[in-house]
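Novice: First the structure, which I've put down as structure tokens, then a few questions once you've had a look.
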Amino acid sequence: MNSIVCIKRVPDSEARIRVAADGESIDPSGVKFDMNEYDKYAIEEALQRREAAGEGQVTVVTIGGDDARETLRQALAMGADEAVLLRADVSLDGLPIARALADEIRDRPFDLLLFGKQAIDDDGMQVPAMVSELLGLPCATVVVSLEIDEGHVTARREIEGGHEVVEFDLPGVVAAQKGLNEPRYPSLKGIMAAKKKPLEEKDVELVDGGLELVELSGPPSRPEPEIVGEGAEAVPELVRRLRQEVKVL
Amino acid sequence: MADVIAYAETRDGTLRPVARETVSAARALADELGGRVVAVALDGPGSADAARELARFGADRILTAEHPALTNYHPDAAVQAIESTAEASTAAAIVFPASARGKDLSARVAGRLNRSLATEVTELGVEDGSVVVTRPVYAGKAYAKFRFRATPALISIRPNVFPVVEQQGDGVVETLDIQPGEARTKVTGTEGGARERLDVREADIVVAGGRGLQAPENWEMMDDLVDALGPQATLGASRAVVDAGWRPHGEQVGQTGKVVSPSLYFAIGISGAIQHLAGMQTANVIVAVNKDPEAPIFGVANYGIVGDAFEVVPRLTEEIRTLRDSGG
Ligand SMILES: Cc1cc2nc3c(=O)[nH]c(=O)nc-3n(C[C@H](O)[C@H](O)[C@H](O)COP(=O)(O)OP(=O)(O)OC[C@H]3O[C@@H](n4cnc5c(N)ncnc54)[C@H](O)[C@@H]3O)c2cc1C
Ligand SMILES: Nc1ncnc2c1ncn2[C@@H]1O[C@H](COP(=O)(O)O)[C@@H](O)[C@H]1O
């Protein structure tokens, strides 16, 4: 079972995000970066499939700057076999990323092409399905369970109030949601081994997707918070405010 | 012609709540662009009546396809239908709901048409003839404004953000000739669809509970509150109680759960961790009930009550029942 897993380096979910002075990017100072949480489920799935099959390669691919090398090493330490860094300046537009990934992946042999369901920086939720269309492959997004039986995939994806069952034949695309599995932590042995695994690097040219960033700003400020009172006695006053002040009841 | 296509999501032959928002948002955009609204509704047999209703929200053309193969979501046929509609009407924009299906489909269409897509848009307009959108990024810790330099502009709108506006459109109903062939991706069924309550993203009022409620059986009083608030209300949860197995993952609000924008959000026994705030800080009005006056949730709440949930929640239910009984 050969898998390709697309991963991204993103700010940690705890990070305080401040817009930089240019109004177009975030201020990276003090921000801790990590592998995108959902991409860890994708890697774990690829590793488990390889282990169950007893053969196969897991290739991780990222588009990013030099610091993304660290994220690839992390994936290799988890157990991936080889890594590819496509060096480019990444914007908040998913289409150029999907195009470049599709171009890189097109001529590689694989059974499963795995993604996270969402990158927690651009929150685009789009690269996996875009790549599937660009490559003419079947695809299931937001996947919480996956069965593969002789090349036939049965996936469950999360929808409002339940799950949708999606089926297709390999090769195909799966975008992982939390719940798919429990990602492993790299072992010390894994970290040592990762240093000797192949990591290919090359520059790529991203196309212009036609989505122009006008401005990045902080979130709209919330109204001044107010404590209505203490305990159950405060409830009538709260209800009055909800009815008369903000008219939501 | 600067037409705007709206993907009107239906399920089991009825319009999803967000379908009205999608068509209303498309109408507002089409008015600014001077074009028509083309609504596309794909579903199984017997769904055309629901689609006809879209004229009331400003649809000029309503393209329906009723086919047994479309009863479940059919991504390949839907991509095909939207692609051919976009080509035939030289659309300026295509508006999807940022629902589970809308997000999946919009990204496929974007790949097929080779056009950029803005997800979970919260503001939509036209400047100097181009479509501009604003959308949250970094889990709502920042907002990005974009201008589309190519058409069609692909957009998915965040549920519960855009108003439903009743405005009569021409409402010409046409039937799309869809022959769904052998699908690459087959949706063979849904599970757990028979739910009694609205999804947390669709509800107008969300009553969310956290670890402060102490045990799963204490959700009985939360249920009572939701019942008192009426059919537009539903339950939400923090990750702590989902991870503990007290509540289903579908209720989780936050960075790794769902992002909600109801008109009223109750956070009960929830501390207000940054990952939780990421999922609810665009709610119109936030009410926090917490026994710790220092809990960070009070920093984003319009109104707070410092107190024990086990006293406050039943009292709240009682007051709201009284209010509803008196016709309020
Ligand atoms: C990568 C990552 C992603 C995450 N994603 C999410 C997410 O999507 N959603 C999410 O919610 N969290 C998420 N978290 C977890 C988050 O950091 C918090 O741990 C979680 O939100 C805490 O849940 P809680 O507020 O219910 O529990 P706690 O933080 O334990 O808070 C319980 C609160 O209840 C109050 N309380 C106790 N007893 C009572 C009482 N009787 N009456 C009233 N109040 C009482 C306490 O004062 C306290 O404030 C994520 C964390 C990480 C690392
Ligand atoms: N720069 C990138 N390099 C590699 N994979 C990426 C990149 N951006 C996004 N992806 C993949 O696409 C998924 C969804 O990202 P997005 O559509 O941006 O939310 C991520 O979880 C990754 O698996």
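Novice: Can you sort A:239, B:121 from fewest to most other Cβ atoms within 10 Å of each residue's own Cβ? Present the calculation step by step, with values, prior to reporting the outcome.
Specialist: Numbers: A:239 19, B:121 24.
Going from sparsest to densest Cβ surroundings: A:239, B:121.
Novice: Over every pair of different alpha-carbon atoms in region B:1-119, take the mean of 1/r and invert it; report that Kirkwood radius in Å.
Specialist: On the way: mean 1/r = 0.0723 Å⁻¹.
13.8 Å is the Kirkwood radius here.
Novice: Moving on to the next point. Beyond 18 Å, what share of the Cα-Cα pairs of region A:127-249 remains, rounded to the nearest whole percent? It would help to have the intermediate numbers written out before the result.
Specialist: Values: 5767 of 7503 pairs.
The calculated P(r) of region A:127-249 puts 77 percent of pairs beyond 18 Å.
Novice: For a quick check: sort A:207, B:131 by the number of other beta carbons within 10 angstrom, fewest at the front. Intermediate results must be reported in sequence, preceding the final value.
Specialist: Numbers: A:207 13, B:131 27.
Listing A:207, B:131 from fewest to most nearby Cβ atoms yields A:207, B:131.
Novice: Contact order normalised by length for chain A, with contacts defined as Cα pairs under 8 Å and 6 or more residues apart; what percent is it? If you can, show how the numbers build up before the last one.
Specialist: On the way: 462 pairs, mean separation 57.8, N = 249.
Once divided by the residue count of chain A, the mean separation gives 23 percent.
Novice: If you project the alpha carbons of region B:104-175 onto the principal axes, what extent comes out on each, in Å, largest first?
Specialist: 41, 30, 29
Novice: Tell me which of A:165, A:183, A:144 sits at the most positive position along the dipole axis of region A:105-215, charges placed on C-beta atoms (Lys, Arg +1; Asp, Glu -1).
Specialist: A:183
Novice: Enter the per residue convex hull volume of region B:88-228, computed from alpha-carbon coordinates, in Å³ rounded to the nearest integer. Walk me through the numbers on the way to the answer.
Specialist: On the way: hull volume 30.1 nm³, N = 141.
So the per-residue hull volume is 213 Å³.
Novice: For q values of 0.22, 0.30 Å⁻¹, compute log₁₀ I(q)/I(0) with the Debye formula on a Cα-only model of region B:199-255, without solvent.
Specialist: -0.80, -1.28
Novice: So for region B:165-248, what percent of the C-alpha to C-alpha distances run longer than 14 Å?
Specialist: Values: 2613 of 3486 pairs.
Distances greater than 14 Å cover 75 percent of the Cα pairs.
Novice: Okay, which of region B:122-143 sit inside 18 Å, backbone N to the point 7 Å along the Cα-Cβ direction of residue A:217?
Specialist: Within reach of a label on residue A:217, which here means backbone N under 18 Å from a point 7 Å along Cα→Cβ, region B:122-143 contributes B:122-128, B:131-143.
Novice: Same structure again: Can you give the calculated 222 nm mean residue ellipticity of chain B, where each DSSP H run of n ≥ 4 adds -39,500 (n - 2.57) and the sum is split over every residue, rounded to the nearest 500 deg cm²/dmol? Display every interim value, and only then the final one.
Specialist: Details: 8 runs with 88 residues, N = 328.
That comes out to -8000 deg cm²/dmol.
Novice: In whole Å, what three semi-axes, largest first, describe the equivalent ellipsoid of region A:1-94 built from its Cα gyration tensor (square root of 5 times each eigenvalue)?
Specialist: Working: eigenvalues 171, 33, 20 Å².
For region A:1-94, the semi-axes come out at 29, 13, 10 Å.
Novice: Going by C-beta contacts inside 10 Å, put A:27, A:107 in order with the fewest on the left. Provide the component values of the computation, followed by the final result.
Specialist: Numbers: A:27 13, A:107 6.
Result, fewest neighbours first: A:107, A:27.
Novice: Let me check the size of chain A from its C-alpha atoms; what are the radius of gyration and Dmax in Å?
Specialist: Cα only, chain A: 21.6, 69 Å (Rg, Dmax).
Novice: Any chance you could run the full-extension gain for residue A:31 through residue A:233? It's 0.36 nm times the residue separation minus the Cα-Cα distance, nm to one decimal.
Specialist: Working: separation 202, 0.36 × 202 = 72.72 nm, distance 4.32 nm.
Working it through step by step, the gained length comes to 68.4 nm.
Novice: Okay, moving on. Please report the relative contact order for region B:204-328, taking Cα pairs under 8 Å with a sequence separation of at least 6, and give it as a percent rounded to a whole number. Write out the running numbers ahead of the final one.
Specialist: Values: 246 pairs, mean separation 31.4, N = 125.
The value is 25 percent.
Novice: Given the convex hull of the Cα atoms of region B:197-328, what is a quarter of its surface area in nm²? Don't skip to the answer; put the middle values down first.
Specialist: Numbers: hull surface 27.7 nm².
Quarter of the Cα hull surface area: 6.9 nm².
Novice: Quote to one decimal, in nm, the extra length available between residue A:240 and residue A:208 on full extension: 0.36 nm per residue of separation minus the C-alpha distance between them. Please report the intermediate quantities before stating the final value.
Specialist: On the way: separation 32, 0.36 × 32 = 11.52 nm, distance 5.29 nm.
Here the segment from residue A:240 to residue A:208 would lengthen by 6.2 nm.
Novice: Shifting gears a bit: Quick one: give the max-minus-min coordinate of the C-alpha atoms of the protein assembly as shown along each principal axis, largest first, in Å.
Specialist: Its Cα atoms span 69, 62, 50 Å along the three principal axes.
Novice: For q values of 0.09, 0.11, 0.13, 0.15 Å⁻¹, compute log₁₀ I(q)/I(0) with the Debye formula on a Cα-only model of chain B, without solvent.
Specialist: Listed by q, the Debye log ratios stand at -0.51, -0.74, -0.98, -1.18.
Novice: Please compute the Cα-Cα pair-distance distribution of region A:72-173 with 5 Å bins starting at 0, giving whole percents from short to long.
Specialist: All Cα pairs considered, the percentages come to 2, 11, 19, 22, 23, 16, 6, 2, 0.
Novice: What is the Cα radius of gyration of region A:48-132 over 2.2 N^0.38 Å, N being its residue count?
Specialist: Details: Rg = 13.2 Å, N = 85, 2.2 N^0.38 = 11.9 Å.
Here the answer is 1.11, to two decimals.
Novice: Same structure, new question: Can you give me the relative contact order of chain B as a percent, contacts being Cα pairs under 8 Å and 6 or more apart?
Specialist: Numbers: 737 pairs, mean separation 47.0, N = 328.
For chain B, the relative contact order is 14 percent.
Novice: Same structure again: Mind checking the mean number of beta-carbon atoms from other chains within 10 Å of the Cβ atoms in A:95-105?
Specialist: Values: counts 10, 1, 0, 6, 2, 0, 0, 1, 0, 0, 0.
Per residue, the number of nearby Cβ atoms from other chains is 2 on average.
Novice: A further question follows. Estimate the FRET efficiency between residue A:193 and residue A:52 by the formula 1/(1 + (r/R0)^6), using the beta-carbon distance for r and 25 Å for R0, to the nearest 0.05.
Specialist: Values: r = 21 Å, r/R0 = 0.82.
E between residue A:193 and residue A:52, to the nearest 0.05, is 0.75.
Novice: Sorted by mean Cβ packing within 10 Å, highest first, what order do the peptides A:219-231, B:235-247 take?
Specialist: Details: A:219-231: 13.5, B:235-247: 21.8.
Ranking, from highest mean packing down: B:235-247, A:219-231.
Novice: Here is a follow-up. Would you tally the net charge around residue A:90, using a Cβ to Cβ cut-off of less than 12 Å, leaving residue A:90 out, and scoring K and R as +1, D and E as -1? If you can, show how the numbers build up before the last one.
Specialist: Details: positive: A:8, A:9, A:87; negative: A:67, A:89, A:93, A:121, A:122.
Taking every other residue near residue A:90 into account, the sum is -2.
Where a number appears in this text, it was derived from the coordinates with a stated rule and is not lab data. As the structure is a computational prediction, the values presented were derived from the model and not from experiment. Please note: Cβ atoms are built from the backbone with ideal geometry, for glycine as well, and neighbour counts cover all protein chains shown.
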